[in-house]
Ligand code: SF4
C-alpha cells in the first residue's frame, strides 16, 4: 500500500520537528516552512511519526486509493 503525504503550509509554524524525525520525507525550506521531498511512501514509517509529532497538525499521511 502506498501512502500519500500532504502538508498544509498555512498551518506549518516551521518548528522543524518533521524534518528532525523524518529527514528523507521532510525538510524545512528557505521560506521557513516545511517541504515534502517525496509525495508518496510505501510504508508509514517515520512519515507517520512526523504526522503525530507536528504541533500544528499540518501533516497528513493517508492511504492512497
Ligand atoms: S512539524 Fe509541522 S509545524 Fe513543524 S516544520 Fe513540520 S510541518 Fe511545520
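The numbers here are math on the coordinates, done by the rules we state, and not lab data. What you see is a predicted model, and the numbers here were worked out from it, not measured in a lab. Note that we place each Cβ from the backbone using ideal geometry, even for glycine, and neighbour counts take in every protein chain shown.
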- Query: Filtering the stretch 14-65 down to residues that are more than 21 Å from residue 2 (Cα to Cα) and in contact with a strand residue (DSSP E or B) (Cβ under 7 Å, 6 or more places away or on another chain), which residue is farthest from the ligand (Cβ to nearest atom)?
  - Reply: 29
- Item | Residue among 8, 30 that alone is without any contact (Cβ under 8 Å) to a residue 24 or more places away in the chain and surrounded by fewer than 16 Cβ atoms within 10 Å (Cβ to Cβ) | 30
- For the stretch 1-14, name all the residues that are over 12 Å from residue 51 (Cα atoms) and in contact with a helix residue (DSSP H, G or I) (Cβ under 9 Å, 6 or more places away or on another chain). 3
